[in-house]
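Visitor: Structure in structure tokens, see below.
Bear in mind that the values in this text are calculations on the coordinates, not laboratory data. Everything numeric in this text was worked out from a predicted model, so none of it was measured. Counting neighbours? That spans all protein chains shown, and the Cβs are built from the backbone with ideal geometry, glycine included.
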Amino acid sequence: MGTTINTVKKSFSELMKLVRERSHEPVYRVVNIEQDEAKDYYATIQVIGKNITFKAKPEEILADDAMTDKFSPRDVRNLTYLGYLGINAPKYKILAKQMTQDNRVVFAIHKKGSKKVEVKTADELSTNEDIITHLDQKDAHMVGYTAASEQEQLLKAEKENLRAEKRLQK
């Protein structure tokens, strides 16, 4: 009986040792989340027990498995959500639209991470697959609607011109 108890104690102590080795105490914690002018998220990370902090993008942290393992499950969940938002954010944004003298609409668009603003017509935007697929849904809809409306106006103008020519020929 004594050897059985010793065997159980030994097995239990080995099991507890494995549990301690496998479970991890977080080394880092997220203390703040910020969004910059370019709409990118940055997490301020603190080394637990130290007055050391640093900033990093959630995607950068999550790309490093060893570092990710040093966060609590709740922080990993939050970083994953922020990484998802960053990855799925539109690459292009329409800043303004304006009617030109020839009754065409031009859009001022900004590419995420770029400092310059481009001016393009609805036709140019709607035929540029990279831009149209990386716009917010509402912006893409507005571009498509504007391009279709402009095409409709051009067709009406052409029909009127043809009718006027036919009247002159009679």
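Visitor: Compute, for the chain, the length of the dipole vector about the Cα centre, with Cβ point charges of +1 (Lys, Arg) and -1 (Asp, Glu) only. Units Debye, rounded to 20.
Guide: Result for the chain is approximately 340 debye, rounded to the nearest 20.
Visitor: 222 nm [θ] for the chain, helices only, -39500 (n - 2.57) per DSSP H run of 4+, per residue, to 500?
Guide: For the chain, the value works out to -17000 deg cm²/dmol.
Visitor: Counting other C-beta atoms within 10 Å, which of Ile132, Ile87 has the fewest, and how do the rest follow?
Guide: Taking fewest neighbouring Cβ atoms as first place, the list is Ile87, Ile132.
Visitor: Choose one answer from Glu34, Glu60, Glu160: the residue with the largest mean-square fluctuation in a GNM of the chain with alpha-carbon springs under 10 Å.
Guide: For the chain, modelled as a Gaussian network with Cα springs under 10 Å, the answer is Glu160.
Visitor: What order do you get for Leu79, Leu95 when you list them from fewest to most C-beta neighbours inside 10 Å?
Guide: Going from sparsest to densest Cβ surroundings: Leu95, Leu79.
Visitor: Averaging the inverse of every distinct alpha carbon separation and then flipping it gives the Kirkwood radius. What is it for the chain, in angstrom units? Can you show the working numbers first?
Guide: On the way: mean 1/r = 0.0463 Å⁻¹.
It is 21.6 Å.
Visitor: On to the next question. Just want the answer: with Cβ charges of +1 for Lys and Arg and -1 for Asp and Glu, which residue in His24, Thr133, Tyr84 is farthest toward the dipole's positive end in the chain?
Guide: Highest projection toward the positive end goes to His24.
Visitor: Among the listed pairs Lys57/Lys111; Lys120/Lys156; Lys10/Lys70; Lys9/Lys50; Lys57/Lys115; Lys91/Lys156, which are separated by more than 28 Å between their Cα atoms? Please report the intermediate quantities before stating the final value.
Guide: Values: Lys57/Lys111 19 Å; Lys120/Lys156 23 Å; Lys10/Lys70 30 Å; Lys9/Lys50 38 Å; Lys57/Lys115 20 Å; Lys91/Lys156 35 Å.
Flagged as over cut-off: Lys10/Lys70; Lys9/Lys50; Lys91/Lys156.
Visitor: Continuing with this model, one more query. Classify the stretch 22-88 as rounded, prolate or oblate from the Cα gyration tensor: take a ≥ b ≥ c as the square roots of its eigenvalues, call it rounded if a/c is under 1.5, otherwise prolate when a/b beats b/c and oblate if not.
Guide: Oblate shape, in that a/c is at least 1.5 and b/c is the bigger or equal ratio.
Visitor: Picking from Asp36, Asp69, Asp130, which is most flexible by a Gaussian network model of the chain using Cα springs under 10 Å?
Guide: Result: Asp36 has the largest fluctuation of those listed.
Visitor: Membrane-span-like helices in the chain: DSSP H runs reaching 15 Å or more (Cα, own axis), mean Kyte hydropathy at least -1.0? Write out the running numbers ahead of the final one.
Guide: Numbers: long enough: 2-22 (30 Å, -0.48); 73-88 (22 Å, -0.32); 137-169 (48 Å, -1.19).
Going by DSSP H runs, the hits are 2-22, 73-88.
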